[in-house]
Amino acid sequence: MLRTRLLPSRLAAASLLALMTSAAVSGPASAQTATPPAEKPASAAPAAPCGGDLAGFLSGVKAEAVAKGIPADVVDRALAGAVIDDKVLARDRAQGVFKQTFAEFSNRTVSKARLDIGAKKMKEYESVFARAEQEYGVPAPVITAFWAMETDFGAVQGNFNTRNALVTLSHDCRRPEMFRPQLIAAIEMVQHDDLDPATTTGAWAGEIGQVQMLPEDIIAQGVDGDGDGHVNLKDSSADAILTAAKFIKSLGYTAGQPWIQEVTLPENLPWEKTGLQPGMTAGQWFALGVKPRDGNTTFGDLPASVVIPQGRKGVAFMTYPNFNIYLEWNQSFIYTTSAAYFATRLAGAPPYEARNPEPGLNDEAMKVLQTKLDAIGHDVGKIDGILGSGTRAALQREQQRLGIPADGWATQAVLDALP
């Protein structure tokens, strides 16, 4: 997974590897966005050396790695035979946009097969999960949902040579400052015998293992769960479980608190307050008539948001501070909400009540909507047909101005009402 400390967002295209290729479990699936990492401002970091003759480039990488204390012979071994992988560049250039509603995506990814396998995995590795919760405060369902969604419990981890993928993306001058540190970290993993430069494979963007982590994060957060003296996220489920738990804790997960909760909503809710915005507690939402489906109002003092992925007539959730770790993991709203919902199902929650959402806009109509919002003066980012956070926020403002319930859901009626 491409982490937020390296990149402003994860590459959902890499993260959703299992979802798009593991038809045996759930069929092909895709998130609403395959979010490419946002470009860093030019002032954020000095430009990393890139491009040119590969041998010369690798000489520079070697000098940097040796300066960081990695023995020269280890660097030579790590880089021996390195090549540019054109398939990696093709994937990087062709990061796609996968558009599904929350209902479509969650129903496909949170399948009965995955839930059954997840329950078996939590039982099989019960002692490992107990250690994860004791040491890091992260419960088994949270870890297991990510494990399922990233690689179908390790079944689909990617077949790109990791060393070559990172050499390719570091040499390429599009985002070398993002990937060169990962290449240096991969060389350090070679030093620890935790990565074989010739045989270790993973996602096209350099992510490795059952929970898809980049080398810097493996070094920083890796846990030897099986006691063999190595962190092997590809083959050791214990290592993967505990490393994921440690990483999730580092993102700010608070033990004993919820992450998401299905709710029902009153007709007269101030819809403009919905969405991922701060300012209200769960108790204040309860006072407005929001009701947890499970009846649990224990966490009324916590900050909370009400999110309605398909508008006020569809399913609704209350999100708590722990939901932020999902946003750190992946910025796609549909992916994060589905992953959080998945974890509640593994924890024993029933399927959500889909209700009867209004039909949304197709791709071309969404682009028309975005174009209209942009012309009015709203910053919706790229006109891409995606109902992302910027478009939702702009739409809510226009809905409120027009006297339409401001739920941020794009329908034909809203499109027709815009000038």
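The values are calculated or read from the model by the stated rules, or taken from the named source; none is laboratory data. All values reported here derive from a predicted model rather than from experimental measurement. In this analysis, Cβ positions are derived from the backbone assuming ideal geometry, glycine residues included, and neighbour counts consider all displayed protein chains. The area values use the complete protein model at the heavy-atom level, side chains included, leaving out ligands, DNA and RNA. Shrake-Rupley method; radii C 1.70, N 1.55, O 1.52, S 1.80 Å.
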Identify the residue in the stretch 103-135 that is open to solvent by less than 40 Å² (accessible area, probe 1.4 Å), of a type outside the set (Gly, Ala, Ser) and under 19 Å from the mean Cα position of the chain (by Cα) and, among all such residues, is farthest from Ala255 (Cα to Cα). Phe105
Give all pairs with beta carbons closer than 8 Å in which a residue from the stretch 199-210 that is free of Cβ contacts under 8 Å to residues at least 60 places away in the same chain meets a residue that is charged (D, E, K, R) and open to solvent by 10 Å² or more (accessible area, probe 1.4 Å); count only pairs at least 6 apart in sequence or on separate chains. Thr200/Arg163; Thr200/Lys234; Gly202/Lys234; Ile208/Lys234; Gly209/Lys234
Which condition number in (1) without any contact (Cβ under 8 Å) to a residue 60 or more places away in the chain; (2) of a type in the set (A, V, I, L, M); (3) closer than 30 Å to Ile308 by Cβ is the one that Ala90 fails? (3)
For residues in the stretch 276-296 being over 18 Å from Tyr352 (Cα atoms) and assigned to a loop (DSSP other than H, G, I, E, B), which is most open to solvent (accessible area, probe 1.4 Å)? Pro278
Could you check, for the stretch 162-178, whether at least one of its residues is open to solvent by less than 10 Å² (accessible area, probe 1.4 Å), in contact (Cβ under 8 Å) with a residue 24 or more places away in the chain and outside any helix (DSSP H, G or I)? yes
Could you tell me which of the residues Ser236, Ser250 is of a type in the set (S, T, N, Q), open to solvent by 50 Å² or more (accessible area, probe 1.4 Å) and out of contact with any Pro (no Cβ under 9 Å at 6 or more places or on another chain)? Ser250
Taking Glu207 as the residue in question, decide whether it is touching a Leu at 6+ places or on another chain (Cβ under 8 Å) and open to solvent by 10 Å² or more (accessible area, probe 1.4 Å). no
What's the number of the only condition in (1) open to solvent by less than 10 Å² (accessible area, probe 1.4 Å); (2) under 19 Å from Thr162 (Cβ atoms); (3) not in a loop (DSSP other than H, G, I, E, B) that Ala220 fails to meet? (1)
Pairs, first at negative phi in the stretch 292-306, second at pLDDT below 95 and of a type in the set (A, V, I, L, M, F, W, C), C-beta under 7 Å, six or more apart: Ser305/Leu276
By residue number, the members of the stretch 72-102 that are surrounded by 13 or more Cβ atoms within 10 Å (Cβ to Cβ) and at pLDDT below 95 are Arg91, Asp92, Gln95, Gly96, Val97, Phe98, Lys99, Gln100, Thr101, Phe102
Exception for Val380 within (1) buried (at least 22 other Cβ atoms within 10 Å of the Cβ); (2) touching a residue at least 24 places away in the same chain (Cβ under 8 Å); (3) among the aliphatic types (A, V, I, L, M) falls at (2)
The correct count of residues that are among the hydroxyl-bearing types (Ser, Thr, Tyr) and closer than 17 Å to Leu115 by Cα in the stretch 135-172 is 2
Hey, Ile70 part of a loop (DSSP other than H, G, I, E, B), over 16 Å from Ala244 (Cβ atoms) and in contact with a Ser or Thr (Cβ under 8 Å, 6 or more places away or on another chain) or not: no
What residue, among those in the stretch 297-345 that are over 14 Å from Gly408 (Cα atoms) and among the charged types (D, E, K, R), is surrounded by the fewest Cβ atoms within 10 Å (Cβ to Cβ)? Asp301
Options Val142, Val156: the member that is assigned to a loop (DSSP other than H, G, I, E, B), under 18 Å from the mean Cα position of the chain (by Cα) and closer than 30 Å to Pro309 by Cα: Val156
Residues that are surrounded by 18 or more Cβ atoms within 10 Å (Cβ to Cβ), outside any loop (DSSP other than H, G, I, E, B) and not hydrophobic (A, V, I, L, M, F, W, C), drawn from the stretch 253-275: Gln261, Glu262
Subset of the stretch 403-419 [β-branched (Val, Ile, Thr) and either touching a residue at least 24 places away in the same chain (Cβ under 8 Å) or crowded, with 20+ Cβ neighbours inside 10 Å (or both)]: Thr411, Val414
Gln396 fails exactly one of (1) free of Cβ contacts under 8 Å to residues at least 24 places away in the same chain; (2) open to solvent by less than 50 Å² (accessible area, probe 1.4 Å), namely (1)
Which residues, taken from the stretch 179-208, are β-branched (Val, Ile, Thr) and assigned to a loop (DSSP other than H, G, I, E, B)? Thr199, Thr200
